[in-house]
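Inspection log for the structure reproduced underneath, given as structure tokens.
The values are calculated or read from the model by the stated rules, or taken from the named source; none is laboratory data. Keep in mind that what you see is a predicted model, and the values were worked out from it rather than measured. Cβ placement follows ideal geometry from the backbone for every residue including glycine, while neighbour counts extend to all protein chains displayed. All accessible areas refer to the heavy atoms of the entire protein, side chains included, with ligands and DNA or RNA removed. Shrake-Rupley method; radii C 1.70, N 1.55, O 1.52, S 1.80 Å.
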Amino acid sequence: MNCVSDSMAAGSVSQAEVQTSFQKFAVHGDTKATGKEMNGKNFAKICKDCHITDGKNVTTTDVDIVFSKVKAKSARVITFEQFNQALTELAPKRFKGKSKEEALQQLYGLIVGKEPANVGVTKVAKAAAIDRLTDTSKYTGAHKERFDESGKGKGKVGREDIPDNSGYVAAYKGSGSYDEKVKEA
């Protein structure tokens, strides 16, 4: 048991602090959520992240059963009042041998100040292979023409052959010298 929750349990934890954590978990992973109601998945997450489920006294099954018990028959979400009711049922199981009120305060102590953890969330891969594939200085052939020396793309200029409308044959060395030759004659 960590010392932070013990010290918080000694003093009464305010409902506002618990409600703040409730709202953070209620909107987690749901863009349409308002923070006033929590679904079963997020209730299980708050129990797991705040170490309410310990795998021995309180299991994920217990959490699901309590959630089903406190929610309305046809509802899929619980309000903050129902959330408190669920915690009241879980507290004596989590902290055996303590009074209901003392156990509930310790449970609140576990929840206060917590936010949803993003453990196991996919991170952007930054491997040597990707660096090698996106290094424009190593490009060859036609692909090399698409980037300037700094590695910035040239856009349309690098992709298309723009026709030379000067009237001279491609790669002609004496372009622009016609007028001078005519004057000499």
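Things worth noting here:
- Structure-derived Rg/Rh (Cα atoms, Kirkwood Rh) - corresponding label in [x] 0.96; [y] 1.23; [z] 1.52: [z]
- Estimated D of segment 22-116 in µm² per second, where Rh is the Kirkwood radius over Cα pairs and Stokes-Einstein applies at 20 °C, 1.002 mPa s: 161 µm²/s
- FRET efficiency estimate (nearest 0.05) - Cβ-Cβ, ALA127 to THR61, R0 45 angstrom: 0.65
- What you get for the chain, charging only the Cβ of Lys and Arg (+1) and of Asp and Glu (-1), is a dipole of about 660 debye around the Cα centre.
- Take the Cα of LYS96, go 7 Å toward its beta carbon, and the backbone nitrogen atoms of segment 23-60 under 12 Å from that spot belong to 56-58.
- Extension gain for SER166 to ASP179 (0.36 nm times residue separation, less C-alpha to C-alpha distance): 3.3 nm.
- Förster radius 30 Å - calculated FRET efficiency between SER14 and LYS48 (Cβ-Cβ, nearest 0.05): 0.80
- Computed [θ] at 222 nm, deg cm²/dmol, the chain (DSSP H ≥ 4; -39,500 (n - 2.57); rounded to nearest 500): -13500 deg cm²/dmol
- Relative contact order (%) - criterion: Cα under 8 Å, at least six apart; region: the chain: 21 percent
- When the chain is described by a simple charge dipole with +1 on each Lys and Arg Cβ and -1 on each Asp and Glu Cβ, the residue from SER150, SER99, VAL77 located farthest towards its positive end is SER99.
- Farthest towards the positive end of the charge dipole of the chain, among the residues VAL27, PHE67, THR134, is the Cα of PHE67, using unit charges on the Cβ of Lys, Arg, Asp and Glu.
- A Förster distance of 45 Å, applied to the separation of the beta-carbon atoms of LYS32 and GLU149, puts the FRET efficiency at 0.40.
- Once the GluC sites (Glu not before Pro) in DSSP loops with at most 14 neighbouring Cβ atoms within 10 Å are cut out of the chain, the longest remaining piece is 1-144.
- Carbon/sulfur fraction of accessible area - the chain, other protein chains in place, 1.4 Å, %: 54 percent
- Entries of LYS24/LYS100; LYS45/LYS114; LYS45/LYS71; LYS41/LYS114 with Cα pairs more than 21 Å apart: LYS24/LYS100
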